[in-house]
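Report on the structure given below.
Only the coordinates and a few stated rules stand behind these numbers; no lab work does. Owing to the predicted nature of the structure, the values given are computational and were not obtained by experimental measurement. Cβ: placed from backbone, ideal geometry, glycine included. Neighbour counts: every protein chain shown.
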Amino acid sequence: MAFENILFTTEDGIATLTFNRPKALNALNAALLDELSQAFDEVAENEDVRVLILTGAGDKSFVAGADITELAIFGPLQAKAFAHKGQAVISKLQVLAIPVIAAVNGFALGGGNEMALACDFIYASENATFGLPEIKLGLIPGFGGTQRLPRLIGANRAKEMIFTGKLIPAAEALEIGMVNRVFTPDALMEEALKTARLIAAKGKVSLRAAKQTVNCGLNVDLATGLDIECEAFALCMASEDAKEGTTAFLEKRKASFKGGLK
Ligand code: CO8
């Protein structure tokens, strides 16, 4: 499938997916969501992709939300179907086995903020702005924001953002723990790539196990989470990567991970 609303490239095991409707501040319309779904399938099927970075085309916006020109004429049933569609695509993103970094380079509003929340962590440029402004449209977040934001920053802070629709700058997003790090606009992509390269050099099996274990653990009690960790740890031990990593340490050399189970 040729993409018209996103750019999708892969280099040295790092895939970069760029939302590409800059005239509409990269708003999410149905066509873009279909392309995203396809791209996430391609990432999931391609064993050579080790890390995915999401960003927005242009210097003004990551994603300014769902496309309001489409959304404004929905009846309740169409709205429900569209919310389901967006949630399904964003859930597909969240369950990707590989690490995903959001490089937020401007507005990350509504569905755009919700997309970033489903990534493993967010880097932001100094000019980034976050928010769930749906309440100002007489709506509520519909792409997972009422669920993922409270889990990340706490119910009280999430409610304040959702009830007021207030937009917050990158520095505040950093302070409340929504964003991991903030860079100058020029440095953002290079820093995201730097971290992606650092991650991509690690063992494939242990990376996947680490992501899955953290994500599964967030939805269960501590004892169950610790059991999940034990099982995943044991699985890692069976990998070539674990053999290489421990041997390299003992031989006082840098590990060279190739991935793959024995
Ligand atoms: N949808 C469609 N077009 C958009 C959107 C959007 N979300 N955001 C911006 N645009 C368009 C503008 O209409 C404008 O187009 P044009 O040049 O043709 O007039 C162009 O992008 C540039 O925007 P502005 O001129 O407004 O740029 P400013 O710098 O003045 O303002 C803002 C930038 C503050 C980002 C402003 O555009 C804005 O407030 N946008 C809307 C933000 C918003 O409310 N987002 C939430 C949308 S709702 C949502 O995401 C719900 C998700 C769940 C859906 C559930 C299914 C039903």
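Under a no-solvent Debye model with one identical scatterer per Cα of the stretch 204-250, what's log10 I(q)/I(0) at q = 0.19, 0.24, 0.29 Å⁻¹?
-0.59, -0.80, -0.98
Taking the Cα centre of the chain as the origin, how large is its charge dipole in debye, to the nearest 20, when only Lys and Arg (+1) and Asp and Glu (-1) carry charge on their Cβ atoms? Could the numbers behind the result be given before it?
Numbers: 26 positive and 31 negative charges, 77 e Å.
Magnitude of the dipole: close to 360 debye.
For a label point 7 angstrom out from the Cα of I68 toward its Cβ, which stretches of the stretch 146-169 have the backbone nitrogen within less than 18 Å?
Residues 162-168 fall inside that zone.
At a Förster distance of 25 Å, what's the computed FRET efficiency of R197 paired with E229, Cβ-Cβ distance as r, to 0.05? Working shown, then result.
On the way: r = 27 Å, r/R0 = 1.07.
So the FRET efficiency works out to roughly 0.40.
Mind giving me the nanometre distance, one decimal, between the label points for K159 and L77, set 7 Å out from Cα along Cα→Cβ?
Output for this residue pair reads 3.5 nm.
With both bridge residues required to lie in the chain, what share of the DSSP beta bridges run antiparallel, to the nearest 5%?
So the antiparallel bridges in the chain amount to around 30 percent.
In a Debye calculation with equal point scatterers on the alpha-carbon sites of the stretch 23-85 and no solvent, what is log10 I(q)/I(0) at q = 0.18, 0.23 Å⁻¹?
-0.79, -1.03
Applying a 10 Å radius around every beta-carbon, put 155-168, 198-211 in order of their mean neighbour count, most first.
Most protected by this proxy first, the peptides run 198-211, 155-168.
To the nearest 0.05, how large is the calculated FRET efficiency for N215 and E240 if R₀ is 25 Å and r is the Cβ-Cβ distance?
My answer for the efficiency is 0.55.
Given an 8 Å cut-off on Cα distances and at least 6 residues of separation, report the relative contact order of the chain as a percent.
Dividing the mean separation by the residue count of the chain yields 15 percent.
So for the chain, considering every pair of alpha-carbon atoms, how many percent are separated by more than 22 Å?
57
Could you give the angle, 0 to 90 degrees to the nearest 10, between helix 188-200's Cα long axis and the longest principal axis of the Cα atoms of the chain?
30
Ordered by residue, what ³J(HN,Hα) values in Hz, to whole numbers, does the stretch 168-175 give under the Karplus form 6.51 cos²θ - 1.76 cosθ + 1.60, where θ = phi - 60° and Gly and Pro are x?
Once rounded to whole Hz, the list reads 10, x, 3, 4, 6, 4, 5, 4.
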